[in-house]
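The values are calculated or read from the model by the stated rules, or taken from the named source; none is laboratory data. What you are looking at is a predicted structure, and each value in this text was computed from that prediction instead of being measured. Here the Cβ is made from the backbone with ideal geometry for all residues, glycine too, and neighbour counts use every protein chain on show. Heavy atoms of the whole protein, side chains included, go into the accessibility calculation; ligands, DNA and RNA do not. Shrake-Rupley method; radii C 1.70, N 1.55, O 1.52, S 1.80 Å.
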Amino acid sequence: MLDYNHRLGIAERVNASIDAALIAEREATPPRTYLGASRLGHACERALQFEFAGAPKDEGADFGGQTLRIFEIGHQLEDLAIRWLRAAGLDLYTRKGNRPEGEQFGFSVAGGRIRGHVDGIIAAAPAPLGIGVPALWECKTMNAKNWRACVKDGVALAKPVYAAQIALYQAYMEGAVPGISANPALFTAINKDTAELHHELVPFDAGLAQRMSDRGVRILQATDAGELLPRIATNRDFFECRFCPWAERCWGLPG
Ligand code: SF4
């Protein structure tokens, strides 16, 4: 029987190799040249500006192997949710032509500087489900704590960044899918710990979409003008700042 140290050794070697491969893949991916509409609900406009401008993250703040695996598992779970919803009778389009090789549905505004890709569009649903169509479909995976908060308070309260994304996507997809903003979006939340599902209909919030759209414009304009948008906090100990990958850069600047 292999001893403990030997078993630990193989785990460390294989894990480290996987992490190195994932990080290398990530580093080889060209950086985004646009502001992701899914991010516009982020609490801090300056952080969004750093992200859009491609400002280097603080040392050690780049995504590690574990975070990259969490992202990838989330994507795989979204594919499962598509299968489950289709099994329940929803006519769900996730790619053009509904072919795996088809392009994702999405939008591009402000000369291509704000873009988003939608998880899906529901074209038809069994009447007893009470889903008006066409409807936007947005899926997120989360840990049990966040999932329970969504179930208890609803996505708008528990996860305002997701609510902002949904509102913006409904607004921006209206041109390509007329009527999509007239129907509530279907939000799916998968509990990664228990495989429990939460579903919620999210009516279009035009005011929120407008505020987020204005925010996007403000970030583009400030970046073009070489101006830095204000910090979200007056103190570096603020919650958002403690987890911000640009905290060193931000608080090292004069204003
Ligand atoms: S450190 Fe705080 S204020 Fe600065 S960009 Fe990050 S979240 Fe915003």
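Overview of results
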quantity	calculated
Accessible surface, per residue, of the chain when the full set of protein chains is kept, probe 1.4 Å, Å²	57 Å²
log₁₀ of I(q)/I(0) at q = 0.09, 0.15, 0.16 Å⁻¹ - the chain, Debye sum with one point per alpha carbon	-0.48, -1.23, -1.35
Within straight-line cross-link reach of K145, lysines at Cα separation under 20 Å, skipping those fewer than 8 residues along the same chain	K159, K192
Cα-projected label distance for D62 with L8, points at 7 Å along beta-carbon direction, nm	2.9 nm
Label-to-label distance, nm, for residues given as E248 and K152 (7 Å Cα→Cβ offset)	3.7 nm
Environment charge of A209, counting only residues whose C-beta is closer than 13 Å and scoring Lys/Arg +1, Asp/Glu -1	-1
Reachable lysines from K96, criterion Cα separation under 26 angstrom, eight or more residues apart if same chain	K140
Rounded percent of accessible protein surface that carbon and sulfur make up, the chain, 1.4 Å probe	55 percent
E196-R69 pseudo-label distance in nm [points 7 Å out on the Cα-to-Cβ vector]	2.5 nm
Translational diffusion of region 1-136, µm² s⁻¹ [Kirkwood Rh, Cα pairs; Stokes-Einstein; 37 °C; 0.692 mPa s]	176 µm²/s
Ellipticity estimate at 222 nm from DSSP helix runs (n ≥ 4, -39,500 (n - 2.57)) divided over the chain, nearest 500	-14000 deg cm²/dmol
Cβ-Cβ FRET estimate between V161 and A127, R0 fixed at 41 Å, reported to 0.05	0.80
Length gained when the stretch T29-A43 is fully extended (0.36 nm per residue, less Cα-Cα span)	2.4 nm
Intensity falloff of region 171-255 expressed as log10 I(q)/I(0), Debye formula with alpha-carbon point scatterers, at q = 0.12, 0.23 Å⁻¹	-0.68, -1.05
Region 58-108: radius of gyration and largest Cα-Cα distance (Dmax), Å	15.3, 48
Label point 7 Å beyond Cα of F239 along Cβ direction - residues of region 131-152 with amide nitrogen under 20 Å	141-152
